[in-house]
Protein chains: 2
Amino acid sequence: MKLSSKNLESRLNTIYDAIVVGGGMGGLSAAIYLARYGLKCLVVEKGKGRSFWMQELRNYVGIDPTTPGREILNHATKQAIEWGADFLRGYVEEVVDEGETFAVKVKVGKQNSIYPVFRSKYLIAASGIIDILPQLDDMQNVYDYAGYTLHVCMICDGYDMWDQKSVLIVANESQINAAFVLNWFTPYISVLTHGLCKVSEEMRRKLAEYGFPLYEAPIARFVGENHKLKGVELVDGTFVEATTGLINMGSIYHNQYLKGIKGLQWDGENLVTNEMCQTSHERIFAVGDLKKGLNQVAVAVADGALAATQIWRNIRRQSPPRKWVENIPPSLSAV
Amino acid sequence: MKLSSKNLESRLNTIYDAIVVGGGMGGLSAAIYLARYGLKCLVVEKGKGRSFWMQELRNYVGIDPTTPGREILNHATKQAIEWGADFLRGYVEEVVDEGETFAVKVKVGKQNSIYPVFRSKYLIAASGIIDILPQLDDMQNVYDYAGYTLHVCMICDGYDMWDQKSVLIVANESQINAAFVLNWFTPYISVLTHGLCKVSEEMRRKLAEYGFPLYEAPIARFVGENHKLKGVELVDGTFVEATTGLINMGSIYHNQYLKGIKGLQWDGENLVTNEMCQTSHERIFAVGDLKKGLNQVAVAVADGALAATQIWRNIRRQSPPRKWVENIPPSLSAV
């Protein structure tokens with residue numbers, strides 16, 4: 001059922017089997033599996049996650065490579081609800097581990113917000129990351145290219161940059177190292193720091209060895225038309241020719257709500273999990289980009305299936321077995 | 001490129017980066033990723049694998065739940081070829097580990113077969129399994145229901161069996177234990193051995209305790225219409241009422257071609273892999289149902305992405321770096 005401030009009251013006494021924080025590819029896959037296992041689950045989605053911004057999902061089996069991420073998200077959300085999942089637009093502010101249950105406090109509504117608390121036996125952290133984009137006065141100018149010819153994932157879109165003049169946009173020196181992987185796809189790389197970091201002599205020398213020019217002035221604007229990049233204009237008036245680019249400025253991790261929970265093993269901002277996406281906290285699972293591993297839609301979707309399946313196994317093993325009572329001979333049913 | 005007996009000659013001197021044995025969900029995902037990494041790969045598909053038989057793929061994010069497996073396979077095959085993968089209909093008879101390369105002998109054509117040998121640096125074992133079905137004189141009667149209301153995967157289709165009268169069809173006693181998981185979805189389970197095994201007193205007692213009747217006569221035919229099961233008629237004339245069923249008679253593993261290769265760690269008929277789907281043989285990867293783990297389309301698709309990515313990393317790290325030569329100052333390029 002789709003929940004909102006108008007009807008969520010009815011769920012405040014529910015103990016969900018699982019609450020899924022994040023309705024991206026991994027969270028929705030988990031919800032579809034949980035629902036099909038007949039488990040009660042609630043997906044809380046804040047909106048506009050990483051896959052929402054994907055203009056084309058090019059490497060996922062079964063989907064036309066021109067399919068936008070939001071189309072898949074809408075489709076899977078509808079499907080999960082149809083099979084019995086609850087879905088709520090909101091932002092998870094805090095999770096408290098109550099021992100048997102989690103208390104999940106959600107901010108609902110941007111204005112006149114309310115703060116309902118939902119409860120569940122298991123928690124699936126599927127809240128992912130969002131890519132940091134270069135901040136310009138005119139952000140629409142960034143959005144006109146980001147996800148089209150200005151990419152954020154080399155694994156997904158390196159192929160579409162093949163042998164093109166490209167910009168690599170970074171926010172710190174270590175991010176420049178992506179140039180020495182991106183050159184698998186194209187050697188025509190100009191590195192742009194957007195004025196955000198200093199670059200060591202050692203790195204300058206390495207870039208020079210590879211013939212990758214370094215531009216340290218802030219970006220003024222992206223130039224092109226119909227989402228097709230032609231180049232980047234810097235504030236010092238330089239024009240850097242490029243028909244494609246990779247933004248590699250790091251990510252914001254949506255994991256604050258987990259920071260108060262004891263017993264979670266972190267690797268930086270990522271959660272460490274086992275092969276079923278279970279974290280070191282036995283009732284918390286992590287899927288997708290928040291989990292340590294490859295940030296790919298295909299992986300997130302599998303993660304959701306795995307986490308949901310393990311939760312089903314745990315719950316099933318603790319539940320009384322269902323019997324076909326009318327067939328049980330009285331001598332046995334008395335046992 | 002689509003290869004056939006007519007044009008495969010042109011590829012006999014190619015050293016592929018990877019040969020993918022099996023063009024199911026996992027193999028095609030691997031091929032899509034390999035092609036988008038710009039790697040040369042060949043998919044060898046014998047046809048009619050497990051996902052080919054899926055009438056509806058119900059739990060995969062982004063796809064309508066009525067989509068048949070073969071539609072996704074055709075779509076992904078076309079996509080992989082478009083991005084540069086080679087694809088050949090054939091049966092992999094033997095793989096010889098030559099140290100730096102694998103020699104992969106393929107039987108092409110059912111009549112007047114030819115046996116070309118292709119070579120690759122890496123091998124992806126994506127040849128999967130096929131479910132054993134009850135053998136009746138009229139196999140069309142089985143195909144009329146298998147994949148529709150007669151399922152082979154409880155995780156995929158348990159939901160669609162909810163509280164329905166069902167048959168569990170097994171070939172040996174240990175397979176009967178699925179009844180005590182299937183009862184999560186429905187307690188109305190009749191167990192059919194199709195005359196294939198003896199059942200111990202202990203198991204008989206457990207089935208009686210759960211009220212699950214046991215029928216040991218062979219199946220004569222499945223009864224129903226439009227793929228909708230109504231029941232199963234046994235050769236002794238018994239009619240077992242059921243609107244759905246689960247076939248749990250084990251699987252045939254397509255892994256014979258790997259049996260001569262040293263250094264592979266097996267768990268029964270499954271290959272043991274690390275988190276990137278690499279087996280204990282560093283140049284062999286396993287994805288999908290052949291890999292130890294959950295047999296799900298979502299998992300196979302992720303496996304393909306992971307295996308291809310690790311192969312790309314290995315090959316990339318061993319390749320000379322591409323430089324933007326025109327920008328390199330003479331003083332540095334001389335180094």
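If you take the residues of the range B:163-212 that are part of a loop (DSSP other than H, G, I, E, B) and among the small types (Gly, Ala, Ser), which of them is nearest to B:SER251 (Cα to Cα)? Among residues in the range B:163-212 that are part of a loop (DSSP other than H, G, I, E, B) and among the small types (Gly, Ala, Ser), the one nearest to B:SER251 (Cα to Cα) is B:ALA171. The condition (being of a type in the set (Lys, Arg), within 14 Å of chain A (Cβ to nearest Cβ) and open to solvent by 30 Å² or more (accessible area, probe 1.4 Å)) is satisfied by just one residue among B:LYS165, B:LYS121, B:LYS107: B:LYS165. Scanning the range A:141-162 for residues that are part of a helix (DSSP H, G or I) and either among the basic types (Lys, Arg) or in contact (Cβ under 8 Å) with a residue 24 or more places away in the chain (or both) returns A:ASN141, A:VAL142, A:MET154, A:ILE155, A:CYS156, A:ASP157, A:GLY158, A:TYR159, A:ASP160, A:MET161.
Restricting the first member to the range A:71-96 and to residues that are more than 25 Å from B:GLY158 (Cα to Cα) and among the hydroxyl-bearing types (Ser, Thr, Tyr), and the second to residues that are open to solvent by 20 Å² or more (accessible area, probe 1.4 Å) and part of a loop (DSSP other than H, G, I, E, B), the beta-carbon pairs closer than 6 Å and six or more apart or on different chains are A:TYR91/A:LYS46. Residues in the range B:30-58 that are more than 16 Å from the chain's Cα centre (by Cα) and at pLDDT 95 or above: B:ILE32, B:TYR33, B:LEU34, B:ALA35, B:ARG36, B:TYR37, B:GLY38, B:LEU39, B:LYS40, B:CYS41, B:LEU42. Residues in the range A:16-37: is at least one open to solvent by 50 Å² or more (accessible area, probe 1.4 Å) and within 20 Å of A:ALA286 (Cβ to Cβ)? No, every residue in the range A:16-37 fails to be open to solvent by 50 Å² or more (accessible area, probe 1.4 Å) and within 20 Å of A:ALA286 (Cβ to Cβ). Go through the range A:191-206 and give me each residue that's closer than 14 Å to B:ILE328 by Cβ and either facing chain B (nearest Cβ under 9 Å) or of a type in the set (Gly, Ala, Ser) (or both). Listed by number, the list holds a single entry, A:ARG205. Only one of the numbered conditions (1) within 11 Å of chain A (Cβ to nearest Cβ); (2) more than 21 Å from the chain's Cα centre (by Cα); (3) small (Gly, Ala, Ser) is violated by B:GLY263, and that is (1). The residue that is farthest from B:LEU290 (Cα to Cα), counting only those in the range B:26-56 that are within 8 Å of chain A (Cβ to nearest Cβ) and not in a helix (DSSP H, G or I), is B:GLY38.
Of the residues making up the range A:6-25, those that are in contact with a Pro (Cβ under 9 Å, 6 or more places away or on another chain), of a type in the set (A, V, I, L, M, F, W, C) and either assigned to a helix (DSSP H, G or I) or on the phi > 0 side of the Ramachandran plot (or both) number 1.
Determine if the range B:284-291 includes at least one residue that is surrounded by fewer than 17 Cβ atoms within 10 Å (Cβ to Cβ) and part of a strand (DSSP E or B). No. Comparison of A:ILE247, A:ILE252 shows that the only residue that is open to solvent by 70 Å² or more (accessible area, probe 1.4 Å) and part of a strand (DSSP E or B) is A:ILE252. For beta carbons closer than 6 Å, sequence separation of 6+ or different chains, a first residue in the range B:175-195 that is open to solvent by 10 Å² or more (accessible area, probe 1.4 Å) and a second that is assigned to a helix (DSSP H, G or I), the qualifying pairs are B:TRP184/A:ARG316.
Remark: pairs (first residue in the range B:291-313, more than 7 Å from chain A (Cβ to nearest Cβ) and closer than 17 Å to B:ILE129 by Cβ; second residue open to solvent by 10 Å² or more (accessible area, probe 1.4 Å) and aromatic (Phe, Trp, Tyr); Cβ separation under 8 Å; 6+ apart in sequence or on different chains) are absent.
The values are calculated or read from the model by the stated rules, or taken from the named source; none is laboratory data. Please read all numbers here as calculations on a predicted model, not as lab measurements. Note that each Cβ is placed from the backbone with ideal geometry, even for glycine, and that neighbours are counted across all protein chains shown. The protein model used for the area step is the full one, side chains on, heavy atoms only, and it has no ligands, DNA or RNA in it. Shrake-Rupley method; radii C 1.70, N 1.55, O 1.52, S 1.80 Å.
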